[in-house]
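S.K.: The structure under discussion is supplied below as structure tokens; questions concerning it will follow.
Read-outs throughout are calculated quantities, based only on the coordinates presented, and are distinct from any laboratory measurement. In this text, all values refer to a predicted model and were calculated from it rather than measured experimentally. Don't worry about glycine lacking a Cβ; one is built from the backbone with ideal geometry, like all the others, and counts go over all protein chains shown.
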Amino acid sequence: MFLIGELINSTRKRIRTAVESHDAAYIQDVARRQAEAGAQMLDVNGGIPGREPEVLCWLVETVQQAVDLPLCLDSSDPLALRRALPLCKQRPMINSINDEPERFDAVLPLVKEFGTKVIALCMGAAGPPSRLEDRLETAARLVDRLTAAGVALDDIYVDPCVLPVSTGPDHGRFVAEAVGQICARYPGVHTSVGLSNVSFGLPCRKLLNEVFLVLLMSRGLDAAIADPCDRRLMACIFAAEALLGRDEYCVEYLRAYREGKLEPPPESAAGAAR
């Protein structure tokens, strides 16, 4: 599972406060904690209206001073992407391109010029998809157009567009089915999700996120933007990869066990007992 740490997002109150006060130490601490927890890439979102190019560039430079991980640049502003991409020390990812003509035409040249990986979000001009068929049709258009433009399948991460299950009873099921069908239709392409969207507006969000991720992994999901500091989520990933045959002879599962990553830390267990 290719895990992209989600926590450096300017829509989160504490991150936004740190960005506005240029609290580099706090941002770097969040980056280090995600790296130490097992993230293989960090999502950086500088979505402060009117300041996005400046903020995204500051975040990229600040995070790279603390960790040696590639970055996923999360921005709806093509200018912010263009300014931040040259600052990346390792090959980055763009989050995201979609099927809206204006967005596709603005982001594709950046993908090609900078040789990035890209999340292809199954959303078009009509907005978020409501049906399974919408997701599959949009995924097909995006993959076909990207590959026709010379983007390798291995660099494409199709996101079926996760919506809160609180807003529709079929949203979770449709995403799971879309992941399976996209993997079958395009061998070699990756599938990814913004995991925490599924639980928005509901209690016990981590539980929903954890179970949903395992369900999606069983359909072929191989990447996710998620919280690596959720120890139970990480334990679920180790267990699912062992059970799905992605961890030969359970090597990574056993290593995680020896490192104490499969159970809560002792103080948590003691607190629960009290």
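S.K.: How long is the gain from residue 204 to residue 249 if the chain were fully straight, where each residue apart is worth 0.36 nm and the alpha carbon distance is subtracted? Intermediate values should be presented prior to the final figure.
M.R.: Details: separation 45, 0.36 × 45 = 16.20 nm, distance 3.31 nm.
Stretched out fully, the residue 204 to residue 249 stretch lengthens by 12.9 nm.
S.K.: While we're on this one: In a shell of Cβ-Cβ distance under 12 Å around residue 253, excluding residue 253 itself, what net charge do Lys and Arg (+1) and Asp and Glu (-1) give?
M.R.: Result for the local shell: -1.
S.K.: What does the extension gain come out to for residue 154 and residue 166, with contour length at 0.36 nm per residue minus their alpha carbon separation?
M.R.: 1.0 nm
S.K.: A further question follows. Of all the C-alpha pairs in the range 68-173, what % are more than 24 Å from each other?
M.R.: 25
S.K.: Also: Taking the simple approach of a point 7 Å from Cα along Cα-to-Cβ for both residue 11 and residue 82, what is their distance in nm?
M.R.: Between residue 11 and residue 82, the simple spin-label model gives 2.5 nm.
S.K.: With no solvent and one point on each alpha carbon, what is the Debye value of log10 I(q)/I(0) for the chain at q = 0.12 Å⁻¹?
M.R.: -0.75
S.K.: Over the range 2-155, what is the percentage of antiparallel beta bridges among all DSSP beta bridges, to the nearest 5?
M.R.: If we restrict to bridges inside the range 2-155, about 5 percent are antiparallel.
S.K.: Let me ask something else about it. Could you give the Stokes-Einstein D for the range 10-108 in µm² per second, using the C-alpha Kirkwood radius, 37 °C, 0.692 mPa s?
M.R.: Answer, rounded: 241 µm²/s.
S.K.: Expected output is a single nm value to one decimal: the length gained when fully extending between residue 33 and residue 173, i.e. 0.36 nm times separation in residues minus the C-alpha distance. What is it?
M.R.: Net length gain for the segment: 47.2 nm.
S.K.: OK, next. For a quick check of your reading of the filter: which trypsin sites (Lys or Arg not before Pro) in the range 95-162 sit in a DSSP loop and have no more than 14 other Cβ atoms within 10 Å?
M.R.: 131
S.K.: Among 228, 168, 121, flag the residue with its Cα farthest along the positive direction of the charge dipole of the chain, charges on Cβ as +1 for Lys/Arg and -1 for Asp/Glu.
M.R.: Going by the charge dipole, the pick is 228.
S.K.: Which log10 I(q)/I(0) values does the range 93-147 give at q = 0.14, 0.29, 0.30 Å⁻¹ under the Debye formula, counting every alpha carbon as one identical point scatterer?
M.R.: Result of the Debye calculation: -0.33, -1.21, -1.26.
S.K.: Could you give log10 I(q)/I(0) at q = 0.11, 0.16 Å⁻¹ for the range 108-219, computed by the Debye formula over C-alpha point scatterers of equal weight, without solvent?
M.R.: Per q value, in the given order, log10 I(q)/I(0) is -0.35, -0.71.
S.K.: Can you give the FRET efficiency to the nearest 0.05 for residue 131 and residue 215, using r as the Cβ-Cβ distance and R₀ = 30 Å?
M.R.: 0.95
S.K.: Let me ask something else about it. Run the numbers on the range 147-237 and let me know its relative contact order in percent, using alpha-carbon pairs under 8 Å that are six or more apart.
M.R.: Reported as a whole number, the value is 30 percent.
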